[in-house]
Every structure is written in C-alpha cells, then in structure tokens.
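In what follows, a structure is listed as structure tokens, so that the remarks can point back to it.
The values are calculated or read from the model by the stated rules, or taken from the named source; none is laboratory data. All of these numbers come straight from a predicted model, not from anything done at the bench. With ideal geometry, Cβ positions are generated from the backbone for all residues, glycine too; neighbour counts draw on all protein chains shown.
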Amino acid sequence: MKALGHAGDDIDIVCAGVTKVFRDFWMRPRVRAVEAVDLQVRRGQVYGLLGPNGSGKSTTIKMLLGLLQPTSGRIAVLGKRPKDVDIKGSIGYLPEESYLYQFLSGRETLDYYGRLFRLDGRARRERIDMLLDMVGLEAVQHRPVGEYSKGMQRRIGLAQSLINDPQLLILDEPTSGMDPIGAKQIKDLIATLAARGKTVLLCSHLLGDVEDLCDRVAIMYGGRVRAEGTCDELLEQEHATLLETAELPEPVIAEVRELLRRHDLALTNVQRPRRTLESLFLEIVEQARAEGVQTSGARSGGAVAEFLGHSSDSQPVAPATDGPAGGAEVVDTGLLDSLVTPSASERIAP
Amino acid sequence: MTTDLPIAAARPQPLSAGPDPREIPSWFDDESPQGRRKRRLKRFARPLAVLGALGSAAALWYGGRPAPAITIVGIVSLALGVVCGVALLRRLLSAGHPVIGIARTIVEEAVGTRLSVLLVMLVVVALPTLPLVLDPGERLAYRLQFFLDWSLSGASALLALITIALSCSSVCGDIDSRRIHMALSKPLQRWEYLLGKWLGVVLLDLLLVSLVGIGVYAFAEALRRSPAADNADRRAVEEQVLTARASARPVHPRQQEFDKAIEAAITQIRNDDPALFDKDPAAAHRRIFAQHVFLWHTVSPDVVSSYLFTGLEAARLRTQVVQLRLQPFADNSSTSTAEVRFALWLNERPYPVKQGKHEEYVFAAGPVHTLELPASAIAEDGTLRVTIANRNMLMPGDPAPTSIGFNPGEGLELLYRVGSFEGNVLRGLLLMWAKLAMLAAAALAAASWLGLPVAMLASLMVFAVAVASGFLSAAFDIYTGVDGGNPTLTSMLRLRATLLLERVAKFEWWDAIKTIGSYAADAFLSLIPSFGDYDSITQVATGRLVSLAETAAGVCELGLAYPLLLLGIGWWLLERRDLVSSSS
C-alpha cells in the first residue's frame, strides 16, 4: 500500500479541516453547516457520503464544486482549487434536484450543457444521441423538460452530468424521485463507471444503495464526520456468523442446534430468507413489457454510452478499494499544501 | 432464494434489466392523444392566423379603408420578422462555446417566458397602430414628426423594459432556482456566464431595434405618400423632417469687441463687490456672459443686430437652400399671440427683395419659424452674416415698440441638409441599441448581487436617472441652492465645502442637510451616463443630423465602455457571492 503523502495522482478529493459558517445580512454567524470535515477520496473509488437532512452533505459537495467558499480549511479536487475552471471539465455533477430550464426540450438541455463543455456540434450530437438512448428518453427528447415527470427530469439530469465523460462524478441523491427501475439503472451505471476507473462521490439517504455500491463511506451528522471507513470495516459484526443453505427440514435444524450446543453456542435465529421488494417489482415490470403493455413515460434505458470512460483523455484505473485498514485514512495535508493556498481562514467559537 | 442481481460485480453491459430499447414495439407512443391533438392544432393555428389577418387586410383595403389594412399588414410583418429573427439568432448562436451557449439560452428564455413575449407583442402591435391615432386634419409634417417621435420614444421605453426584465429575471431566476449551480459546476467562468447573458440580451435587442427601425421607416414612407396640406407642408416634410440637417449657431460679427465688453463687465463687478465675486468667480463669469449673449440676441427697436454663421462651405456647394430657424419672442408683450415684424439682410444685402422692394417678415411671437434662404447668399469663405432690424410698430399703450428676442441656442440657428433620412434613422437606432446595451449590463450587474424585485427597481432607477440626468442635476442644484455648473471638479468641491461650512456656522441645519444631499445626488448622477447627451430620437424626429462622430462616441461609451465596467462590477460581486444559502 502506497503512503498517502506521496500518492497525489491517486487522490481526486481532499478536504482538510473544512468548515462552513453561513452568515446573516449583518455578517453574524447564523448556521455552522459543516465543521472540521476531513475527507479523502481516491481515484476509482465509489465514496458514499451519508447523513440525515441538514447534516452538511450537500454543503460539502457545493464547496467541492466551488459554489461555496469554505469559511476555513482547505480543499483540493483533482489536484486543484475547487474554483479552478480547468478541473470542471473532468467533473460531472448531478444535484439533489434537477435544476433545468423548463422551456428547453430534453435534447436542447443536453445541447446547452454540451456547449458549456466546449464540445463541437458533431461531438455534441453523437454524445446526446448515446445519452438519450442510455437514459431511455430518446422518444421524448423534443418535449419541453417542464412536461417531464420528476423521474424523467432526474434522467436528463443524469445524462447532463455524463456528457463530458467525467473522471469524477458527484451524485447528490441520484435516485431521488426515480422509480425502482430507474434507481436500479443508476446503481448499475455507477458500478459500471467505477469499473471503468471513474471516481464517484455518492450522496444518498438510501443506505442499501450506498452499501451495495460504495467502497468507502463517511457518515455525517451536525456538520461533522462521525464515522469513516470501508463498508466491511463499519458493518462487520464480529460476534455473529451467518450461514446460508438450501431449505432445512426441522430435524436437521434440531441437529444443528445440538451441534452448536456441544460447542457452547446457541442458534439464535432461524428463518427463510425473503426476496427484496425491488426484485419483485422489477420482475413484474419485465413481465408487463413482455406482454406489450403501453406506457407514456420514460422507456427503459439502453447500454452505457460508449464514450464514457473510453475517450483519449480518460485513463481507466483499477478500482481503489484497498484503502488502509483500521479506520479512517489520514488526510494528505502535504498534498494540499503543495496544491492549494489556504482560504480566508476564520475561526468561530462553536 | 434471492433473485437480486449482483450489482457490485456489474460489468459494462446494457443498463436495464428490461428489454433493449431498440426492441420497443412500434406502437410505443410518447404522447397522449390530447397532447398530440394540441400539437397538431398549434402547427396549423399560426399559418391560419397569418392568412386570416392578411385576408382581413385585403378586405379592408378593397373596402376603401387602407389605413387599418396597412396596420394589420404591419403587425403581421413585424411578428413574422420576430419569428424569423429569432430563428436567425439561433443559427448564429450555434457554436460550441460556453458564452455562446449561455447567450443562446437567454434567447430561448425570452421566447419562452410570458413577460418578454408580452412586451415584444406590445411593440409589434403598438408601432403599426400609432399612425391610426394621428389626426388626418393635421399638417403632414407635424404628423410625421409626431409619429417619429412617439414611435421611437415608445419603442425605446418598451425595449428598455424588456431588456431590464429579461436580464434581471434570467440571472435572478438562475440563482433562485439553482440552475446556476449546474452551469457553474461546468468549465464556465463567472465572467463568461455574465458575458453570455449580456451577449444574448444585446443580440435580441439588436434584432428588436432593427425591426423597430424597419417598421418606423416603412410607416414613415407610407405617411410621406399621404397628401400634404399645401406646398409648404410638402416642402417641410422633405426639407425639415425626412432629412438630416446640420446646424450652425451664430458668433458675434465683432467677436473681439464682444469679448472685451464682457471682460470689462466682469472687472466692474469684481471691483464693485469683490467678496461676492470671489465666492464663486466661475458663476460670475457665466452670469455676465449669459447676460451679454442675451442682449446680443435681443433686437431693440432702435438697434440692428448681426449674427455671423461660419463654416458653411459645404452648404454653399451642395445645397440650394439653407434654413434659418428662429423662435422670436416679444419681450414686453403681454399676450402670446403678439406679432413681431422685422427686416433681414444676408451678407449686407436686403432679403427678400420682390419687385425692387425690401420686404419685411411678420411672424407670431412664440412658435418656431423656418425661413428658407438661398445657399448662393453664402460668401465664398463659407460665412453668412444675418442682420435683423426691428420694424415693430408702436402699439397703443406701449411706451415704445416691442423688442424682438431669440433664445440663444435653438432660438436662432441655421440648418442645412447634409445627409439622408435613412442614414439618420440607422445612426439613431445604433444609439438606441447602445443605450439598451448599457441598461442590460446595469441590470445584470444588479441581478448578480440583488434579488429580483430589488434588482429590477435598481435597474429602472438607473434607466430613469440616465433619461432625466440633466433635468435631475439642475433640479438638485435649484433645491439645494448650489450652482452645479462649475467648470472644474476642484472649484465645485471648494464652493460646496464653503457653502456647507457657512450654513453650519449659521446653524442653518436644514440647508446644510440639503447641501450634503446635493453632494450625494451629484455623486450618484455622475456615475450614470446621461442619455440626453445622445438624444437621437429627437434629432431623427426633427430632421437633425445624428452625426457619425456622435454615433461612434455613443456606441463606444454606452455600448462598450459602460457595459464592460458594469459587467466587471457584476463579475466582482458574483465571484464573491455564495450561491447557496443555508437551509437551516
């Protein structure tokens, strides 16, 4: 394992002691949204940021994007200051809600964001075609976004976040407002992009999604990071063992109970596993489609857009799931010092 | 047994658990039947509306009512012009650059938001309707002047409102709805964002100003073809309205003597009351100068006054006639209908001479009169000396015949044609566009820091102050009792400081507060350019030349320098602004 202090190329996000205090009109401190947050996201990781409403997740993300100035502390994203426009070309961002121009059509919306990335007309057309196909909106691409359902708007939001083939994807509640099919597609997409070497910062309330997808997780509350580590580190229960096998008749269970008793152990829980509601839902929808039932909403998405992760400037990197064992990583402040000068630092008593 | 898919181990493959979208059956429909019907109706509604309007116009035309027919055709043409112009703008703004992308989006926003569409429709309907409200019994020259003045002024005000509303609502809307988060998380500098907004608004303004120009020109041409009251009316239309005339103001024929007389008067005042003179020497100079010029422009019954116009070489060579524009007043007349009677000499020769007799002019005092003089009367060196002799009769009850006076400036000037009406309109429209470009930048700068209502109010205030700058400045000076016409900043500051100290020393607190108020008002006024300095609408409506130099200066100042400064301020504010507020 490489020492973090010398692994600048592998680290896409570093926060060191980041604090954000919102002030009122008279510049008096009003809300301390984020306090002394330390984070480090390595290239190729899927990093989960968890926390209840108002815990500081979205504020942290907006500081990473340069939309907010930290009150104190230092941030480096892709090796530069968050406000540096050079890095924005490698970042894809899906906010917690899709803030779109309601009068633009789906295609015009993607075209607009393609222009912001300086894509020429041909590249824009090709990528938009692929993305519309990927998110299943090509049939409604000419309708104004204002007429879209919330889930469809999320899909177009997701498409815009990918139009530049980003190295770093920041997704704030990506499955919010989506039907289970769309949510499943997004989870598949995140996994696919991670496999192609993309770094993903995922902010979500859906703990199951985060557990399924993330290599590392930080749990925030009250603006602070309360726990940080890999899912295994955080979730493993050392005092219990779970075995799964085919259905057991009652006599066999009794034998197992007896065997465990001989080892001074008790069988605490015997139950039949249940399938998830998600899998049942997906099965029903697939069946309905196979029967040709009509729908006026978004279609099922297509394949992951071909350009994602395969352009010349994107270097696929193996997923960095092997973070240092034994709890939170040490924040690489040496890297920060070399990249970023301190922001206007201000200490306010909590 | 679970049927969960192994998500964590997903490989590049189709995203969906469902069928391949290419296998979606052909009967898949994205739109409800009502939506489809609405869309189809929309597709046919517009051409049908255009055909219906043109059909009504044809019916009115052949039914002997050409005026409303022309109005309907005008409305349809302008509306089609807007549609085609927007399509052209979309084509123009198709490049893959962020600034162009932002500009393109604000054009779409203008087309897609009700307020902008409503204001544009108001322009499209009001302009062709204006000729309908003109009194057909009025002289044609006056009708044309009224049409030009009101159509250009009205369009200018409406376009200013559109510019302010669109600029403010676009930026404030982006910030309030957080769309700006999406834009600024892309490789887009904040100055590029503001520049894109400005570019979109000014291109839209350029389109609308062009359409207004085409509409005004077309209706002015239609009015020109209307019957005139008489030959003088027709000549006034051609020579005083639909033209571009330069003006010359007179100098004193014996300028050195005139200057010496002024100097002598100043010396006398300085000797008589040195304290008063030293308090504000510049104001004393101006007062004495104005008195002498006024006396020079007053023709007493026993005096012959001469006025020398110079620099008329071009007029002599290129035109047949020059116009002497004069607005006489009778200084001791108690009624506005009093007449003035005078005789005229041009370069020492009597004019006009008919049948060997030097004829006199008799005009009503008060209104403006225009005399057409032969350009051949101008001397080879380009000078024309106009001499006026008072021939007023002694009226019963008056001690002496009435003096004839002219207000220095526009009360007595010489005008001559130097360009075409078309060129004048074009330059006037360019200046109108430059003012809109300045307003757009001011509105964007305000919106980059303030919320929508406050930004709109601030922008409207800038517009109002820019329009009424001269008047406001004079009003503040009168209110506070401070002469603001000092030639230098230091003398003005010195005078105001002295006045303030005097008032404080005398415990005249209210006057002192008024003086401080005048400082603040003047400081604010000095930050905002005066649109009155480039009053192209009045110039076009009165057939006065909007010169190329004036146009270039206006476009540079209002269309480039101020917008750059204001956008710079807007960028500075936006750069320091947190675009997210706390939700707690």
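Listing for the model above:
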read-out: Residue within the stretch B:387-398 that is in contact with a strand residue (DSSP E or B) (Cβ under 8 Å, 6 or more places away or on another chain), modelled with pLDDT under 85 and surrounded by fewer than 18 Cβ atoms within 10 Å (Cβ to Cβ) present; value: yes
read-out: Restricting the stretch A:118-141 to residues that are touching a helix residue (DSSP H, G or I) at 6+ places or on another chain (Cβ under 8 Å) and in a loop (DSSP other than H, G, I, E, B), the residue that is nearest to B:Arg39 (Cα to Cα); value: A:Gln141
read-out: Filter result for the condition that a residue is at pLDDT below 85 and within 26 Å of B:Arg235 (Cα to Cα), over B:Glu372, B:Glu313, B:Glu360, B:Glu339; value: B:Glu339
read-out: Inter-residue pairs, beta-carbon under 9 Å, first of a type in the set (Lys, Arg) and in the stretch A:82-97, second surrounded by fewer than 19 Cβ atoms within 10 Å (Cβ to Cβ) and not in a strand (DSSP E or B), 6+ apart; value: A:Lys83/A:Gln69; A:Lys83/B:Glu575
read-out: Residues (more than 7 Å from chain B (Cβ to nearest Cβ), touching a residue at least 24 places away in the same chain (Cβ under 8 Å) and not basic (Lys, Arg)) located in the stretch A:115-128; value: A:Glu126, A:Ile128
read-out: Helices (runs of 4 or more DSSP H) within the stretch B:214-321 that include 1 or more residues in contact (Cβ under 8 Å) with a residue 60 or more places away in the chain and surrounded by fewer than 16 Cβ atoms within 10 Å (Cβ to Cβ); value: B:231-236, B:274-279, B:281-296, B:313-318
read-out: From the options B:Leu161, B:Leu122, B:Leu115, residue that is away from every other protein chain (no Cβ under 11 Å) and either buried (at least 22 other Cβ atoms within 10 Å of the Cβ) or farther than 18 Å from B:Leu452 by Cβ (or both); value: B:Leu122
read-out: Count - residues of the stretch B:503-519 that are closer than 15 Å to B:Tyr479 by Cα, surrounded by fewer than 17 Cβ atoms within 10 Å (Cβ to Cβ) and β-branched (Val, Ile, Thr); value: 2
read-out: Residues within the stretch A:62-78 that are within 11 Å of chain B (Cβ to nearest Cβ) and farther than 20 Å from A:Asn164 by Cα, tallied; value: 5
read-out: Subset tally (residues that are part of a helix (DSSP H, G or I) and more than 7 Å from chain B (Cβ to nearest Cβ)) for the stretch A:79-107; value: 4
read-out: Segments classed as helices (runs of 4 or more DSSP H), wholly inside the stretch A:142-218, with at least 3 members that are more than 11 Å from the chain's Cα centre (by Cα) and more than 11 Å from chain B (Cβ to nearest Cβ); value: A:150-162
read-out: Residue in the stretch A:234-248 that is surrounded by 15 or more Cβ atoms within 10 Å (Cβ to Cβ) and over 14 Å from the mean Cα position of the chain (by Cα) present; value: yes
read-out: Answer residue from the stretch B:51-104, given it is within 14 Å of chain A (Cβ to nearest Cβ) and small (Gly, Ala, Ser) and is nearest to the chain's Cα centre (by Cα) among those; value: B:Ala103
read-out: Given (1) more than 20 Å from the chain's Cα centre (by Cα); (2) surrounded by fewer than 21 Cβ atoms within 10 Å (Cβ to Cβ); (3) not in a loop (DSSP other than H, G, I, E, B), number of the condition B:Ser170 does not satisfy; value: (2)
read-out: Given (1) over 24 Å from A:Asp10 (Cα atoms); (2) modelled with pLDDT of 90 or more, index of the condition A:Lys88 fails; value: (1)
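So that you can scan it fast, the table gives a plain yes or no per residue for (1) among the β-branched types (Val, Ile, Thr); (2) more than 23 Å from B:Trp433 (Cβ to Cβ):
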residue	(1), (2)
B:Thr71	yes, yes
B:Leu89	no, no
B:Leu140	no, yes
B:Leu158	no, no
B:Val171	yes, no
